[in-house]
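The values are calculated or read from the model by the stated rules, or taken from the named source; none is laboratory data. Note that the structure is predicted; figures quoted are calculated from it, not measured. Methodologically, a virtual Cβ is constructed for each residue, glycine included, from the backbone with ideal geometry; neighbour enumeration extends over all protein chains shown. Just the protein is used for accessible areas: all its heavy atoms, side chains included, with ligands, DNA and RNA removed. Shrake-Rupley method; radii C 1.70, N 1.55, O 1.52, S 1.80 Å.
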Amino acid sequence: MTQIDPYNPLELEALGGSLIRAMERRPLELLRKMTKFNGSGIYALYYIGQEHPYAELGEFNRLHDCRLPIYVGRAKDPGARQGISPFESITEPLLYDRVREHKNSILAIEKSKTAHIPLKLDDFMARALVCLPLWVPLAEAMAIRLDQPLWNSTLSGFGIHAPGKGRDKQKRSQWDQMHAGRTFAMKLPDNGQSAAALAEPTHAAAVASVKKAAARLGLDLPPLLAPSTPAPTAPQP
């Protein structure tokens, strides 16, 4: 059977790359202090702390002005509501509201006394790019494909909402197993994976992600990953 490539009037790679560069030019804000704004679009969260299993990621972002997100997401789709056009600007704080949900999730872990691996809200920075709804899915997909953020690709569950009626028997997500504290998640059955068991592959993925980003961007590895300098050899007689 003959394969016919779909018609594409624009180069998606170029468009996606342009959107990612636009987001990377947006100012960094401390997640705790992000101010309210209107619009739809995409956002990136960056870890800058020192907790295992994210220590190398945090050090890389502190060293290089947050170049590797731990999570990328988008505002909820406004298109399902009547009268919303993908070519028109959104005048509601859809993107801000989504980021605020994540702020509350991390704050719940910070305040929790049962968190296996702690998180601090002040260890997270954010960037947000407001754009027309038309471009939101492409921007998100390209950003995730480029950086493979840990909470998008390795540790699932950060972006979920409280289960609706009839789905309250689903098991706790990997993210909630490792970072216990969200009220709705604590009511769900344990999924059988321990925080320690999840932390090791997450740490390995974090290290690999930092090395890949450093190579791609031409940046130095953080000291935690930099090869140690060999001890000088004694002169031979």
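Look through the range 40-64, keep the residues that are over 20 Å from Gly159 (Cβ atoms) and of a type in the set (Gly, Ala, Ser), and return whichever of them is least open to solvent (accessible area, probe 1.4 Å). The residue in question is Gly58. Name the single residue that is farthest from the chain's Cα centre (by Cα) among those in the range 140-160 being surrounded by fewer than 17 Cβ atoms within 10 Å (Cβ to Cβ) and within 19 Å of Met186 (Cα to Cα). So, considering only residues that are surrounded by fewer than 17 Cβ atoms within 10 Å (Cβ to Cβ) and within 19 Å of Met186 (Cα to Cα), the one farthest from the chain's Cα centre (by Cα) is Ile160.
Summed over the range 104-142, residues that are closer than 19 Å to Leu57 by Cβ and part of a helix (DSSP H, G or I) total 7.
May I ask you to say which residue of Gly39, Gly16 is more than 17 Å from the chain's Cα centre (by Cα), modelled with pLDDT under 95 and outside any loop (DSSP other than H, G, I, E, B)?
Values: Gly39 fails: outside any loop (DSSP other than H, G, I, E, B).
None of the others qualify; the one that does is Gly16.
For the range 110-127, filtering for residues that are modelled with pLDDT of 95 or more and open to solvent by less than 70 Å² (accessible area, probe 1.4 Å) leaves 7.
Restricting attention to the range 161-174 and to residues that are within 23 Å of Lys120 (Cα to Cα) and at pLDDT below 90, the residue that is surrounded by the most Cβ atoms within 10 Å (Cβ to Cβ) turns out to be Ala162. Pairs are defined by a Cβ separation below 8 Å, a sequence spacing of at least 6 or placement on different chains, a first member in the range 175-194 that is within 14 Å of His116 (Cα to Cα) and open to solvent by 20 Å² or more (accessible area, probe 1.4 Å), and a second member that is aliphatic (A, V, I, L, M) and at pLDDT 90 or above; the pairs so defined are Met186/Ala180.
The lone criterion from (1) of a type outside the set (Asp, Glu); (2) buried (at least 21 other Cβ atoms within 10 Å of the Cβ); (3) at pLDDT below 95 left unmet by Leu132 is number (2).
Out of Ala180, Ala185, Ala213, Ala231, one residue alone is at pLDDT 90 or above and either in contact with a His (Cβ under 8 Å, 6 or more places away or on another chain) or part of a loop (DSSP other than H, G, I, E, B) (or both). It is Ala180. Checking every residue in the range 67-81 against the condition of being modelled with pLDDT of 65 or more, surrounded by fewer than 20 Cβ atoms within 10 Å (Cβ to Cβ) and out of contact with any Ser or Thr (no Cβ under 9 Å at 6 or more places or on another chain) gives at least one match.
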